[in-house]
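S.K.: The structure that follows is given in the form of structure tokens.
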Amino acid sequence: MKIAFYGSSLLSSYWNGAATYYRGMLRDLAARGHEITFYEPDAFGRQQHRDIEPPAWAEVRVYDATESALRAVMDEAARADVVVKASGVGVFDDELIAGVMAAARPEAIRIFWDVDAPATLAEITPVPDHALRRALPSLDFVLTYGGGPPVIAAYEALGARRCIPIYNALDPETHHPVPPDPRFEADLSFLANRLPDREARVEAFFLDAARRLPGRSFLLGGNGWDDKPMSPNIQRIGHVGTRDHNAFNTSPLAVLNVARDSMASVGYSPATRVFEAAGAGACLITDAWVGLDLFLKEGEEVLVARDGADVAEHVRSLTPERARAIGEAARRRVLEGHTYERRGAEVDALLRREAALIAEQGVRA
């Protein structure tokens, strides 16, 4: 099938946490025979910070962040069998959801793919006339990369016909063990951009842990932290491109995951970083959230912390041998059950089943 996918960026992970997810999902769908065109705006400096070139498995159309360029790419939705509008494009989101669905052929499959469902729901729920809410009843699927039963219920209450989680996963060809890199050596490393709905949790789980362990080394990657007061045992290194994520994960004793406020409260929302770390065989310490046990087993495949004191205690008591055992167990778990090959199979089955129903019955399920 021809898939027109309107998202934030496939080519750059710069201020774009969905890049790994897009790449893993779309690469697998392309391997299953789908023809993909990805439309991304030239915005937020992402084209100046590309970390991959246009891949062989998708055509990438970069368009100017102008109304005229927008109209041109929206019209191209009429060529596709499947039209996807992702959340968080960041430029003309409301216009895109209305425009691409209006341009789609009557028999095309229409999808809203939400890469941050808690935030999207918080935005649209109090606004009855929101462009996305108006579009929901006409869509065939809302797909989300997290959220579980609470998100499904919320979307269906707002008029979605079907909401199906397609969780984050591992692309083992991209994220895998590599030799340690001295640039990323530390006792605990953390990779995340500075965002308002994560900052208090970063203070509680990462900055507090560093203050409690003044003799241990902490490494912080990601954008926006330059002016944040921190203890001297934290080294800030700024943006870390995806090509360095494996070394970032394999070099420290342990790596930390901290969910954003909305994802922690909803649960069932494993971040991309969880699978990147596990795929590299890293020992992961994560904040606690509902649904974690669907992906990793506490104490054996992941260490769980309820606050900064827990994080500090994990780091204090962790030996290299135990860290290695936990990382290896996590890697086995995600390779067995949480790869993009498995996620791609789910989406491929949805699309083929829906297309067959439309072709045979002239209606959608």
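The values are calculated or read from the model by the stated rules, or taken from the named source; none is laboratory data. Bear in mind the structure is a predicted one, so any value in this text is a computation, not a measurement. In this analysis, Cβ positions are derived from the backbone assuming ideal geometry, glycine residues included, and neighbour counts consider all displayed protein chains. These accessible areas exclude ligands, DNA and RNA; they are computed on the full protein's heavy atoms, side chains included. Shrake-Rupley method; radii C 1.70, N 1.55, O 1.52, S 1.80 Å.
S.K.: Just need the relative contact order of the chain here, percent rounded to a whole number, with Cα pairs under 8 Å and 6+ apart.
M.R.: Values: 736 pairs, mean separation 55.2, N = 365.
Relative CO of the chain lands at 15 percent.
S.K.: Considering the zone a paramagnetic label at residue 265 would reach in this model (a point 7 Å from Cα along the Cα-to-Cβ line), which residues of the range 109-146 have amide N under 17 Å from it?
M.R.: Correct set: 116-127.
S.K.: On a 0 to 90 degree scale, rounded to 10, what angle separates helix 340-361 from the longest Cα axis of the chain?
M.R.: 10 degrees
S.K.: Quick one: with all protein chains in place, what share of the accessible area of the chain is carbon or sulfur, to the nearest percent (1.4 Å probe)? Spell out each step's value before the answer.
M.R.: Numbers: 7440 of 14600 Å².
Taking all protein chains in place, the chain shows 51 percent carbon and sulfur surface.
S.K.: Quick one: 3J(HN,Hα) in Hz for the range 327-334, Karplus 6.51/-1.76/1.60 with θ = phi - 60°, rounded, Gly and Pro as x.
M.R.: x, 5, 5, 5, 5, 4, 5, 6
S.K.: Right, another one. Could you list which residues have their amide H under 5 Å from that of residue 235, counting only those 5 or more apart in sequence or on another chain, with H placed in the peptide plane?
M.R.: Result for residue 235 returns 218, 219, 220.
S.K.: Tilt of helix 308-317 relative to the longest C-alpha principal axis of the chain, in degrees (0 to 90, nearest 10)?
M.R.: So the inclination is approximately 60 degrees.
S.K.: For the chain, report the accessible area per residue in Å² (1.4 Å probe, heavy atoms, rounded to an integer). If you can, show how the numbers build up before the last one.
M.R.: Numbers: 14600 Å² over 365 residues.
I get 40 Å² per residue for this part.
S.K.: In the calculated pair distance distribution of the range 1-134, what percentage of Cα-Cα distances lie above 19 Å?
M.R.: Values: 4248 of 8911 pairs.
Value for the range 1-134: 48 percent of Cα pairs lie more than 19 Å apart.
S.K.: Distance from the Cα centre of the range 69-133 to that of the range 319-345, in angstrom?
M.R.: A separation of 34 Å, based on Cα centres.
S.K.: Also: For the chain, what is the mean residue ellipticity at 222 nm derived from helices alone (per DSSP H run of n ≥ 4: -39500 (n - 2.57); sum divided by total residues; nearest 500 deg cm²/dmol)? Before the final figure, lay out each step's value.
M.R.: Details: 14 runs with 135 residues, N = 365.
Helix contribution divided over all residues of the chain: -10500 deg cm²/dmol.
S.K.: Net charge near residue 147: determine it from the other residues with C-beta under 13 Å of the C-beta of residue 147, scoring Lys and Arg +1 and Asp and Glu -1.
M.R.: Values: positive: 260; negative: 114, 116, 156.
After counting each charged neighbour, the total is -2.
S.K.: Still on this structure, I have one more. Can you list, largest first and rounded to whole Å, the semi-axes you get for the range 299-346 by taking the square root of 5 times each eigenvalue of its Cα gyration tensor? Intermediate results must be reported in sequence, preceding the final value.
M.R.: Working: eigenvalues 153, 37, 7 Å².
Semi-axis lengths for the range 299-346 are 28, 14, 6 Å.
S.K.: Follow-up question, since we're still on this one. Going by Cα centres, the range 1-66 and the range 162-212 are how many Å apart?
M.R.: The range 1-66 and the range 162-212 have Cα centres spaced 22 Å from each other.
S.K.: Taking H as built 1.01 Å from N, whose amide H comes closer than 5 Å to the amide H of residue 302, not counting residues under 5 places away?
M.R.: Here 297 satisfy the definition.
S.K.: State the volume of the convex hull built on the alpha-carbon positions of the chain, expressed per residue in Å³ and rounded to an integer. Mind showing how you got there, number by number?
M.R.: On the way: hull volume 46.8 nm³, N = 365.
Looking at the chain, the number lands at 128 Å³ per residue.
S.K.: Something else about it: Angle, helix 19-31 long axis vs. longest principal axis of the chain, Cα atoms, 0 to 90°, nearest 10?
M.R.: Relative to the chain, helix 19-31 is tipped by roughly 50 degrees.
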